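There's a structure below that I have some questions on.
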Amino acid sequence: MDGIDVAVADLSITGDLVELVPVEHAEHPFPEDLRPLPRELAGMCELDTRLGQAFGDVAAGYLPADLVCSLGQTVHHEIYDGKCLGTLQLGQPAWIAERTGLPVVSDLRTRDVAAGGQGAPLASTLDALWLGELARSTGKPAVALNIGGIANITVVSPGEPTIAYDTGPGNALLDAAMEVLSGGRVRQDTDGEFAARGKVRPEILAKLAGDPYYAEKPPKSTGKEYFNAEYLTLAGLPTTQAEDLLATLTELTAVTVADACRSHGAGVVVASGGGLRNPVLAKALERALHPIPLRSSDSLGLPRDGKEAYLAALLGFLTWHGVPANTPSATGASGPRLLGSITPGAAPLRLPEPVTTAVTRLRIGGTSARS
């Protein structure tokens, strides 16, 4: 809940190829008064409404368009014994449709969960279509890495099913530690300022890295329901300086991500997400991955700060055209599924003829109709 990401894309399908042309992307401040998650039902209802209104106000600034897709704000992702029992995203799409007049695709994770999947990482769909040619050209797996609150990877291997899962914390524990240490005044270690002044404590790193989650086999997913301030409290860590704790948590993210990438024989790691804005984390990740090269998604034409929003655009486009948008080998679902629900806009729904050709490739780039 650190911002509202938005992206505008031109998309088209020709045969088995989807072309996505990035038009623009931005991050809008998240309303401060919506940050504390309510526990009572009335507060949850208000949050659902006000998030939808906030999303609608942002989307209205990017018209004209044909379709809006919203991943919503995940407020809970229930995992028990490795199985996803349910997932809840808020941000009522009716408010987005009312504000923009456009049809809205939303609630994209639930159908995959209902089919036995984790509902995540949905980025595996974009990554599998996008990095397939890179993996085939090098003959080695191409790994897409996203570092948000939670870090997740997609492993795209030549001739093999795509694998994707959450590796563990991205920024989640760093943010939690900063909020606790500052008494709620600071929510993140901006530019890794605290971590840069600290030293990694090997004994604390070993204790944290011994969490059973890291040894679980994919598909798997996790969230801030698990990796949070309470997690750090219950871990029984020895007393240490704040700077050393932040340095150690930064190293934890880097090491667990690198271990996961290396376990799949990664030939290259293509990274995106807010975690890359932290230079201390980025450098720790480069060290942990060496000699595996680390590339930003920008180098392949997809803005790293806008990737998740462009993912939403792609998923909505696929649903609108009748194309299954999950990757069962990555999420664990029992098969391909059309994702999401569609809320009509101001006009009656007029969906295009469903695409019957299997979509196997994604090209980033080209010329936008808005150019």
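The values are calculated or read from the model by the stated rules, or taken from the named source; none is laboratory data. Worth saying up front: this structure is predicted, and the values here are computed from it rather than measured. Here the Cβ is made from the backbone with ideal geometry for all residues, glycine too, and neighbour counts use every protein chain on show. Ligands, DNA and RNA are excluded from the accessible area calculation, which covers all protein heavy atoms including side chains. Shrake-Rupley method; radii C 1.70, N 1.55, O 1.52, S 1.80 Å.
Check off (1) surrounded by fewer than 20 Cβ atoms within 10 Å (Cβ to Cβ); (2) more than 24 Å from Leu88 (Cα to Cα) for Glu216 and give me the number that stays unchecked.
Evaluating Glu216 over (1) surrounded by fewer than 20 Cβ atoms within 10 Å (Cβ to Cβ); (2) more than 24 Å from Leu88 (Cα to Cα) leaves (2) as the failure.
Do the conditions hold for Leu249, that is, is it more than 13 Å from Ile153 (Cα to Cα), at pLDDT 95 or above and out of contact with any Gly (no Cβ under 9 Å at 6 or more places or on another chain)?
yes
May I ask you to list pairs of residues, at least six apart or on different chains, whose Cβ atoms are under 7 Å apart, with the first in region 208-225 being touching a residue at least 40 places away in the same chain (Cβ under 8 Å) and of a type outside the set (D, E, K, R) and the second being open to solvent by 20 Å² or more (accessible area, probe 1.4 Å) and part of a helix (DSSP H, G or I)?
Between residues of region 208-225 that are touching a residue at least 40 places away in the same chain (Cβ under 8 Å) and of a type outside the set (D, E, K, R) and residues that are open to solvent by 20 Å² or more (accessible area, probe 1.4 Å) and part of a helix (DSSP H, G or I), the close pairs are Ala209/Val255.
Just wondering, is there one or more residues in region 322-337 that are part of a strand (DSSP E or B) and under 20 Å from Ala9 (Cβ atoms)?
no
While we're on this one: Would you pick out the residues in region 13-29 that are surrounded by fewer than 16 Cβ atoms within 10 Å (Cβ to Cβ) and hydrophobic (A, V, I, L, M, F, W, C)?
Result: Leu17, single match.
Does Val6 qualify as being at pLDDT 95 or above and either open to solvent by 30 Å² or more (accessible area, probe 1.4 Å) or hydrophobic (A, V, I, L, M, F, W, C) (or both)?
So Val6 fits the description; yes.
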